[in-house]
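The values are calculated or read from the model by the stated rules, or taken from the named source; none is laboratory data. Everything numeric here is computed off the predicted structure, so don't read it as measured data. Because the Cβ atoms are built from the backbone with ideal geometry, glycine has one as well, and the counts that use them run over all protein chains shown. Note: areas computed on protein heavy atoms with side chains; ligands, DNA, RNA excluded. Shrake-Rupley method; radii C 1.70, N 1.55, O 1.52, S 1.80 Å.
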Amino acid sequence: MAVGSGCAAVWGCRRVLKRAFSLHNAHSVRGMEDALQLVRNVVPPLTAKKHKGQDGRVGVVGGCREDSPDAVHDVEKWLPRLHALVVGPGLGRDDVLLSNVKDILEASKARGIPVVIDADGLWLIAQQPALIRGYQKAVLTPNHVEFSRLSEAVLGDPLDGQDRRGAVLRLSQALGNVTVVQKGERDVISDGEQVLECSQEGSGRRCGGQGDLLSGSLGVLVHWALQAGPERTDGFSPLLVAAFGACALTRQCSHQAFQKHGRSTTTTDMIAEVGPAFSRLFET
Ligand SMILES: NC(=O)C1=CN([C@@H]2O[C@H](COP(=O)(O)OP(=O)(O)OC[C@H]3O[C@@H](n4cnc5c(N)ncnc54)[C@H](OP(=O)(O)O)[C@@H]3O)[C@@H](O)[C@H]2O)[C@@H](O)CC1
Ligand SMILES: Nc1ncnc2c1ncn2[C@@H]1O[C@H](COP(=O)(O)OP(=O)(O)OP(=O)(O)O)[C@@H](O)[C@H]1O
Ligand SMILES: [Mg+2]
């Protein structure tokens, strides 16, 4: 989407049409370039006027400390400093641990802290959907199987493979418009109102840990998008745009790492690609 004085009129006209289309049809899926531009709109500029942590302090609840008796108290101390929390990567499914994670989620919601819930954090949500129902600062990032478990637990029916967009929309609505990302060949993202699909070219490698890269980068993008506000996301929810950005970044990292390492690509190789991938997608 070219935006400049010469194109202002075109841009303005297209923008009105797009907004009309997108607001009229809640299931509209936006083009990749338009959606990438929305992500660019929320990336905070680097300036000498900022200090450490100002553009995001993100906590990860990944299972090491959450097994201790004082886990909730220990983590709660950090909450006032955090802009977002990522819950789930590497968590495990131990009952005592998940009980602590439940209390940490309750404390985070009470403070209005945005939460990204992935992996075994989703195992907990499938068991207790009420934990995040209606908390519109939550983003869930299920893979195929995790989505099916959630769909079964919340809607009573497993994944409808035919109509992925409808399935994601319905699950989001049933959870009170939390944002849901169904990862897959194309990532389908919905806040129960609108739907975005990310088809950024990734790779054929399905090494473990790629979902962790997605949920971690999403923790940062959620903070940036909420800080930027809906006026920067053209009528789309900031969380929807943040989720699209994390999906595109993760897939681009996979694509770049696979070009270098082929079948031996691991998520560690992908992490090394975050800088160049981010620049390619979001640095104008
Ligand atoms: N960094 C860490 O610590 C990480 C920790 N992790 C943790 O590891 C645990 C296992 O995680 P996971 O993702 O392998 O198990 P899950 O999603 O329950 O799938 C179970 C089975 O479902 C199937 N299946 C899977 N995908 C499918 C598809 N697209 N389409 C169709 N079928 C599909 C497949 O069955 P199979 O084909 O093997 O019979 C698969 O074995 C879990 O606790 C997770 O949190 C991981 O998140 C990785 C990073
Ligand atoms: N069939 C596919 N083709 C291309 N990209 C895919 C495909 N399936 C998943 N991806 C991408 O791979 C990344 C991880 O998705 P995946 O479904 O493997 O998550 P996951 O199972 O939670 O990963 P993890 O092993 O970290 O738990 C996402 O960026 C997703 O878009
Ligand atoms: Mg995963």
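Structure data summary
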| read-out | value |
| --- | --- |
| Accessible area per residue in Å² at 1.4 Å probe, computed on the range 7-246 | 44 |
| Acute angle (nearest 10 degrees) that the helix 32-42 long axis makes with the longest principal axis of the chain, alpha-carbon atoms | 70 |
| Using alpha-carbon coordinates, inclination of helix 164-174 to the longest axis of the chain, degrees | 60 |
| Helical mean residue ellipticity (222 nm; -39500 (n - 2.57) per DSSP H run of 4+; nearest 500) of the chain | -15500 deg cm²/dmol |
| C-alpha long axis of helix 238-261 to longest principal axis of the chain, angle in ° | 90 |
| Neighbour count of at most 13 Cβ within 10 Å plus DSSP loop: longest GluC sites (Glu not before Pro)-free window in the chain | 1-184 |
| Rounded to the nearest 20 debye, dipole of the range 151-284 from Cβ charges on Lys, Arg, Asp, Glu | 440 |
| Dipole magnitude (debye, nearest 20) for the chain, charges at Cβ of Lys, Arg, Asp, Glu | 940 |
| Apportionment of accessible area to carbon and sulfur, the chain, percent (1.4 Å) | 53 |
| Loop-located trypsin sites (Lys or Arg not before Pro) in the range 165-227 whose Cβ has at most 10 other Cβ within 10 Å (DSSP) | 206 |
| Set 52/260; 52/183; 102/137; 77/102; 52/102; 77/137 screened for pairs whose C-alpha atoms are more than 24 Å apart | 52/260; 52/183; 52/102 |
| Residue 280 paired with residue 77, simple spin-label distance in nm, labels 7 Å along Cα-to-beta-carbon | 4.3 |
